Amino acid sequence: MKRAVVIGASSGIGMEVAKLLLQDGWTLGVAARRVELLQTIGAAEVAEIDVTAEDATARLRDLVARLGGMDLFFYASGIGKQNRELREDIELATMQTNGLGFTRMIGEAYRYFAERGEGHIAAITSIAGTKGLGPAPSYSATKAMQNVYLQALEQQANARGLRIRFTDIRPGFVDTALLNGDFKYPMMLRPENVAREIVSAINSHQHIRVIDWRYRMLTAFWRRIPRFIWRRFKL
């Protein structure tokens, strides 16, 4: 029996991935802050987890125990806002969720799989970690941190002889509640299409998946832009 836990399954990409995993025969445990929205998914187990709360790791362990174990940990929780005025509340909330919350939950999943000796951790990061984005400083910074954190854990797991696989999912702009607002984002992706690419990347054990082909070309271009030119870009 394949058992998966999805964190951030109450809406958007997380919910769509949860539905696809169910269709593929996974026994599913789902969690989010808005637990009432999880009831429609049809998962075997449901939990209320706020990744910024100190009891989040204990709640995750309880969910895994009720599920009877975990083979795949999929992390889709996160926040992001443009912050051209650098408002302190936005910057710190983003750091709290995307930095501390991410580290807390990914770390707990890693420790669980380390005890077992194997498992698969997949997480949604973003193409925003490719370069520092002026309109969203803390968002792009935390996404870069997430990319490097997963890379570091992958190296550590290999050095320890642990059979833990990692899949770093890096979407572009996705049409979810996260991007609701007056600003019109280019090259918007549908969450259903993104979810299908994610499940494909998980099943094929890809290490990094940039979604979709347009963003793969864009980020390849971004990486080649020298810093003295990048800082003059008006985004």
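For the Cα atoms of the chain, what angle does the longest principal axis make with the long axis of helix 191-203, in degrees from 0 to 90, nearest 10?
For 191-203 against the chain, the angle is about 60 degrees.
Mind checking the angle between helix 56-67 and the chain's longest principal axis? C-alpha axes, 0 to 90 degrees, to the nearest 10.
40 degrees
Can you grab the distance from the C-alpha centre of segment 60-138 to the C-alpha centre of segment 199-227, Å, no decimals?
19 Å
Which value at 222 nm does the chain reach when only helices count, each DSSP H run of 4 or more adding -39,500 (n - 2.57), with the total divided by all residues and rounded to the nearest 500 deg cm²/dmol?
Theoretical 222 nm ellipticity from helices: -13000 deg cm²/dmol.
Just in segment 55-142: which GluC sites (Glu not before Pro) are loop by DSSP and have at most 15 other Cβ atoms within 10 Å?
Of the GluC sites (Glu not before Pro), the ones in loops of segment 55-142 whose Cβ has at most 15 other Cβ atoms within 10 Å are Glu85.
Putting +1 on Lys and Arg Cβ atoms and -1 on Asp and Glu Cβ atoms, find which of Ala195, Leu218, Ser138 reaches farthest to the positive end of the dipole of the chain.
Comparing the listed Cα positions along the dipole, Leu218 ranks first.
Dipole of the chain, Cα-centred, from +1 at each Lys and Arg C-beta and -1 at each Asp and Glu C-beta, to the nearest 20 debye?
I would put it at about 1080 debye.
Which ³J(HN,Hα) values in Hz, rounded to whole numbers, follow from the phi angles of segment 124-138 under the Karplus curve 6.51 cos²θ - 1.76 cosθ + 1.60, where θ = phi - 60° and Gly and Pro get x?
7, 10, 4, 5, 5, x, 5, 9, x, 9, x, x, 9, x, 5
Return one whole number: the accessible area per residue of the chain in Å², for a 1.4 Å probe.
50 Å²
Let me check against my output: what whole-number percent is the relative contact order of segment 57-195, with C-alpha pairs under 8 Å and at least 6 apart?
25 percent
Using only C-alpha positions, report the orientation-averaged shadow area of the convex hull of the chain, nm², one decimal.
Numbers: hull surface 51.6 nm².
Average of the hull's projected areas for the chain equals 12.9 nm².
Please report the accessible area of Trp230 (heavy atoms, 1.4 Å probe, ligands and nucleic acids excluded) in Å², nearest 10.
Result for Trp230: roughly 30 Å² accessible.
What number do you get for segment 71-184 when its Cα radius of gyration is normalised by 2.2 N^0.38 Å, N = residues?
Cα Rg divided by the expected 2.2 N^0.38 Å: 1.13.
Before anything else, pin down the relative contact order of the chain: Cα pairs under 8 Å, at least 6 apart, normalised by residue count, whole percent. Don't skip to the end; give the middle numbers.
On the way: 405 pairs, mean separation 42.8, N = 235.
The value is 18 percent.
Along segment 92-104, what does the Karplus equation 6.51 cos²θ - 1.76 cosθ + 1.60 (θ = phi - 60°) give for ³J(HN,Hα), rounded to whole Hz, x for Gly and Pro?
Values per residue, Gly and Pro as x: 6, 5, 5, 4, 4, 7, 7, x, 5, x, 4, 4, 4 Hz.
Once you wrap a convex hull around the alpha carbon atoms of segment 46-137, what is its projected area averaged over all directions, in nm²?
For segment 46-137, the mean projected area of the Cα convex hull comes to 6.6 nm².
Probe radius 1.4 Å, ligands and nucleic acids ignored: give me the carbon and sulfur share of the accessible area of segment 69-199 as a rounded percent.
Answer for segment 69-199 is 52 percent, counting heavy atoms of protein chains only.
Using amide H atoms built 1.01 Å from N in the peptide plane, name the residues 5+ places from Arg165, or on other chains, whose amide H lies under 5 Å from its own.
Gly119, His120, Ile121
The values are calculated or read from the model by the stated rules, or taken from the named source; none is laboratory data. Keep in mind that this is a model prediction, so the values were computed, not measured. Don't worry about glycine lacking a Cβ; one is built from the backbone with ideal geometry, like all the others, and counts go over all protein chains shown. Ligands, DNA and RNA are excluded from the accessible area calculation, which covers all protein heavy atoms including side chains. Shrake-Rupley method; radii C 1.70, N 1.55, O 1.52, S 1.80 Å.
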